[in-house]
Amino acid sequence: MKTRVLVVDDNAHAREAICEIISGDGQFEIIGVVTNAQEAIEFTEQWMPDLILMDIQMPDMDGLEATQRIKLLFPYVKIVMITVSDDMFHLLEALKRGAQGYLLKNLAPSTWLKYLNAIVNEEAPLSRELAFEILKDVSLLNKKEAAEADALTLREKEILTNVADGMTNKEIAEKLVISEHTVKNHLKNILQKLQVQNRVQLTRYALEQGLISGKGKDL
C-alpha cells in the first residue's frame, strides 16, 4: 500500500520541486497540495494523509503551529518539516510539537527519499547533538511514566539501547539474531509501555536513563 502524502508550502516553485521528488518513488502517492497551514488542517481532517510535508515559514499561521494542531487531532499522522534553514530552534520546536523529523530543501532528491522511507518505517535517524538539545530543553518522563518504564523486559531494554544508538530494525535483528518482525513487535510494546510515539522520544528516554552516552555516531 502506498503512503498517501500531503504537500504544504506557500511557494509555487517549492511545491513543484517537492512533488517532483516524491513522484520519483513508487512508495508515495501525492493526494493533495495546499498553500497554507489552515488548508493543511482542513485537508487532513477530510482526507487523513499518512504523511505531511510541512513548510515551516508560511504567512498567517506557520508550519509549527499547524503541526501542533494536527497532532492534537490526529496523533498518528506523520509530519516532516521542510525548511531552507537548519536553525536549531526551529528543529527543536518541530520535534516538540510532534513532527517526526525535518528535511532541508537543498538536500539531494535521493536523500529526501531515503529519509522519508525511514520516517514511514519508524527508522528515521536523529543526530546525537539534537538529541541532547532536546534533553536539555524538556524532560520526557514524569514519575508515572518512569514507573512504567521499569516494566521493560531485558530484551526490550536491549532493543531500546540499539535504537537509541542509531541502528535500524534490520541491523538490530541481525545483531540479536532474531527476525525483523520480532524487532518491530518489541518496539511496539516498548512504545506502549513508555507512552511515547516514535524513535525520537525513545532516544530521549535512553539519554535520560544513561543507556547511551553523548558521544558517537548519529542516531
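Readers should treat all values here as calculations from the given coordinates under stated rules, not as data from a laboratory. In this text the structure is predicted, and so the values were computed from the model without any measurement. So basically every Cβ, Gly included, is an ideal-geometry build from the backbone, and we count neighbours across all protein chains shown.
Residue pairs exceeding 19 angstrom between C-alpha atoms, taken from LYS2/LYS114; LYS157/LYS193; LYS96/LYS188: LYS96/LYS188. Around the amide H of PHE28, modelled in the peptide plane, lie the amide H atoms of THR3, all under 5 Å away and 5 or more residues distant in sequence or on another chain.
The simple Förster model, with R0 at 35 Å and r as the Cβ-Cβ distance, assigns TRP47 and GLU171 a FRET efficiency of 0.50.
Extending 7 Å from the Cα toward the beta-carbon at both ASN106 and GLU39 defines two label points whose distance is 2.7 nm. Which of rounded, prolate, oblate describes segment 3-120, given a ≥ b ≥ c as roots of the alpha-carbon gyration tensor eigenvalues and a/c under 1.5 marking rounded, otherwise prolate only if a/b is larger than b/c? Rounded, since a/c falls under 1.5. Segment 155-197 and segment 49-81 have Cα centres spaced 27 Å apart. Gain on full extension, evaluated as 0.36 nm per residue between GLN27 and ALA14 minus their Cα-Cα distance, stands at 2.6 nm. Here r is the Cβ-Cβ distance between PHE89 and LEU113 and R0 is 45 Å; the resulting FRET efficiency, rounded to 0.05, is 0.95. Backbone geometry of segment 55-68 corresponds, through the Karplus equation with coefficients 6.51, -1.76 and 1.60 at θ = phi - 60°, to 3J(HN,Hα) couplings of 5, 7, 8, 9, x, 6, 10, 7, x, 5, 5, 4, 4, 4 Hz, x marking Gly and Pro.
Neighbours of PHE74 by Cβ distance under 14 Å: Lys/Arg scored +1, Asp/Glu scored -1, total +2.
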